[in-house]
1. On the basis of being closer than 23 Å to Leu216 by Cα and over 20 Å from the mean Cα position of the chain (by Cα), does Gln104 make the cut?
2. Can you name every residue in region 76-92 that is surrounded by 13 or more Cβ atoms within 10 Å (Cβ to Cβ) and closer than 13 Å to Leu179 by Cβ?
3. Suppose the filter is assigned to a helix (DSSP H, G or I) and touching a helix residue (DSSP H, G or I) at 6+ places or on another chain (Cβ under 7 Å); does Leu63 pass it?
4. Would you be able to say whether some residue in region 42-51 is in a helix (DSSP H, G or I), at pLDDT 90 or above, surrounded by 14 or more Cβ atoms within 10 Å (Cβ to Cβ) and not β-branched (Val, Ile, Thr)?
5. In region 8-42, what residues are in contact with a helix residue (DSSP H, G or I) (Cβ under 9 Å, 6 or more places away or on another chain) and either in contact (Cβ under 8 Å) with a residue 40 or more places away in the chain or under 24 Å from Val273 (Cβ atoms) (or both)?
6. Restricting the search to region 208-223, which residues are farther than 15 Å from Arg284 by Cα, surrounded by 17 or more Cβ atoms within 10 Å (Cβ to Cβ) and among the aliphatic types (A, V, I, L, M)?
7. Only residues that are open to solvent by 50 Å² or more (accessible area, probe 1.4 Å) and of a type in the set (Val, Ile, Thr): list them for region 239-295, please.
8. So which residues in region 154-184 are within 21 Å of the chain's Cα centre (by Cα) and more than 22 Å from Leu115 (Cβ to Cβ), if there are any at all?
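The values are calculated or read from the model by the stated rules, or taken from the named source; none is laboratory data. Worth saying up front: this structure is predicted, and the values here are computed from it rather than measured. Cβ: placed from backbone, ideal geometry, glycine included. Neighbour counts: every protein chain shown. These area figures cover heavy atoms from the full protein model, side chains too; ligands, DNA and RNA do not enter into them. Shrake-Rupley method; radii C 1.70, N 1.55, O 1.52, S 1.80 Å.
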Amino acid sequence: MASNRYLYLMLLPTVLYFLIFEYKPMYGAIIAFKNFNPYLGITDSPWVGFKNFEKFFESYYFLRLLKNTFLMSFYSLIFIFPASLTFALLLNELRLKKLKSFLQTVSYLPHFISLIVICGMIIDFTKPGGIINSLLLGIGLISEPIQFLILPEWFRTIYVGSGMWQSLGWNSIIYLAALSGINPSLYEAAVVDGAGRWKQLMNITLPGILPTVLILLILNVGTLLNVGWDKIILLYNPGTYVTADVISTFVYRRGVMEENYSFSAAVGLFNSVINFTLLVLANRISRKTTESSLW
């Protein structure tokens with residue numbers, strides 16, 4: 001440590017940031033076990049034990065929230081995660097550098113567009129006079145315009161589809177970085193042995209980036225119940241609560257709008273515990289089956 005003291009000194013601001021802004025606020029999680037009163041503060045507010053948790057578990061909305069949160073995250077995982085990987089593999093196969101650079105730039109752009117603008121675009125595209133209805137009417141798939149954001153059955157499709165458009169290019173960056181780390185001599189040897197593009201993909205490319213893919217998959221599973229509540233709040237309405245309302249939006253309404261801080265803290269803590277459990281399980285399964293894991 002003495003010989004690397006300047007490197008540790010450079011690390012100090014980051015360590016302090018996490019200690020002050022990430023770990024210290026965890027103390028506030030105890031309001032989930034209290035009847036929190038802002039005037040009394042966290043310490044002096046009376047303890048209620050697991051009453052807030054029991055209230056949530058017995059709530060009429062508990063199963064609906066759990067189902068919606070899981071399905072929204074699960075659909076995002078099974079569609080967006082492999083789409084980003086596939087896109088990176090396709091880009092890696094391109095030999096025209098200008099075309100590759102153009103496609104990368106175009107695919108990255110949605111990530112940098114403000115979420116407010118993104119949601120405004122989604123609302124404009126899906127309204128009765130929007131481009132989606134116009135296309136569907138034009139090719140004869142529908143006979144009259146559809147109110148997509150009013151109908152609950154369309155909300156998950158819109159959420160996942162727009163999420164794929166937003167993150168496809170950005171999520172592919174780390175896969176492209178992993179692909180660039182594969183030794184080119186492996187491909188040269190494969191060509192000498194008569195291996196085609198498909199065999200090179202299956203025997204060199206995919207095994208070469210497998211550890212990266214597994215790490216990202218574990219991290220995604222660990223956030224399975226964390227849904228982008230801000231995007232949902234900008235798009236949903238009481239008519240679509242049946243499929244759009246998730247744990248994070250419920251916490252926002254009960255905690256911020258209704259000032260029920262203890263109850264919303266209990267719901268948020270429950271969500272975090274489930275995510276932590278999923279992360280540990282995914283990591284253990286990956287370590288036992290592939291020997292690649294976070295720890």
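1. Working: closer than 23 Å to Leu216 by Cα: yes; over 20 Å from the mean Cα position of the chain (by Cα): yes.
Answer is yes for this residue.
2. Step one: of region 76-92, the residues surrounded by 13 or more Cβ atoms within 10 Å (Cβ to Cβ) are 76-77, 79-81, 83-89, 91-92.
Residues satisfying the conditions are Ser84, Leu85, Thr86, Phe87, Ala88, Leu89, Leu91, Asn92.
3. Numbers: assigned to a helix (DSSP H, G or I): yes; touching a helix residue (DSSP H, G or I) at 6+ places or on another chain (Cβ under 7 Å): no.
Considered against the rule, which asks whether it is assigned to a helix (DSSP H, G or I) and touching a helix residue (DSSP H, G or I) at 6+ places or on another chain (Cβ under 7 Å), Leu63 comes out as no.
4. For region 42-51, residues in a helix (DSSP H, G or I), at pLDDT 90 or above, surrounded by 14 or more Cβ atoms within 10 Å (Cβ to Cβ) and not β-branched (Val, Ile, Thr): present.
5. Tyr27, Gly28, Ala29, Ile30, Ile31, Ala32, Phe33, Lys34, Asn35, Phe36, Pro38, Ile42
6. Ile209, Val213
7. Passing the criteria: Val242, Val256, Val273, Ile274, Thr277, Ile285, Thr289, Thr290.
8. As a first pass, look at region 154-184 and keep what is within 21 Å of the chain's Cα centre (by Cα): 154-178.
Matches in region 154-184: Tyr175, Leu176, Ala177, Ala178.
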